[in-house]
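Here is the structure we will look at, set down as structure tokens.
The values are calculated or read from the model by the stated rules, or taken from the named source; none is laboratory data. Keep in mind that this is a model prediction, so the values were computed, not measured. All Cβ positions, even for glycine, are placed from backbone atoms using ideal geometry, and neighbour counts span all protein chains on display.
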């Protein structure tokens, strides 16, 4: 089994810059409420804060705080519609996080393959 090649995107070690870009995404998604908002926005399209709080006991301020964290991570952005702001999911950052997880998984697969070879010798 050959080591990961830095030139090969499929087996390349995850670069520090990729980790730095992905960290805020994982931090933002590490909260159940924010995950719920992402799921709602994915399923329902752009939504207002009132729509996001419907059926919950969350305050507008609490929702706004969560949306700001998601926006800072690049996962959502707001669209001004008259006096109302609607929030929309931005999938590109989630794709970046998925690629990071995939690269980490490939590194683990490589490390486990090396361990298996060492044990079988």
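Look at (1) over 18 Å from the mean Cα position of the chain (by Cα); (2) free of Cβ contacts under 8 Å to residues at least 24 places away in the same chain and you find that residue 47 fails only one, number (2).
Across the range 69-91, which residue is surrounded by the most Cβ atoms within 10 Å (Cβ to Cβ) among those that are under 19 Å from residue 20 (Cα atoms) and out of contact with any strand residue (DSSP E or B) (no Cβ under 8 Å at 6 or more places or on another chain)?
Of all residues in the range 69-91, those under 19 Å from residue 20 (Cα atoms) come to 69-76, 90-91.
So of that shortlist, the ones also out of contact with any strand residue (DSSP E or B) (no Cβ under 8 Å at 6 or more places or on another chain) come out as 69, 72-74, 91.
Details: 69: 20, 72: 12, 73: 22, 74: 17, 91: 12.
This residue is 73.
Note on the range 37-68: residues that are out of contact with any helix residue (DSSP H, G or I) (no Cβ under 9 Å at 6 or more places or on another chain) and either more than 21 Å from residue 20 (Cα to Cα) or modelled with pLDDT under 95 (or both) total 10.
Picking from residues in the range 16-44 that are surrounded by 15 or more Cβ atoms within 10 Å (Cβ to Cβ) and touching a residue at least 60 places away in the same chain (Cβ under 8 Å), the one that is nearest to the chain's Cα centre (by Cα) is 25. Please go through the range 79-100 and pick out each residue that is under 19 Å from the mean Cα position of the chain (by Cα) and under 18 Å from residue 39 (Cβ atoms). Correct list: 87, 88, 89, 90, 91, 92, 93, 94, 95, 97, 98. Please determine whether any residue of the range 92-114 is in contact with a strand residue (DSSP E or B) (Cβ under 7 Å, 6 or more places away or on another chain) and either at pLDDT 90 or above or in a helix (DSSP H, G or I) (or both). Checking the range 92-114: not a single residue is in contact with a strand residue (DSSP E or B) (Cβ under 7 Å, 6 or more places away or on another chain) and either at pLDDT 90 or above or in a helix (DSSP H, G or I) (or both).
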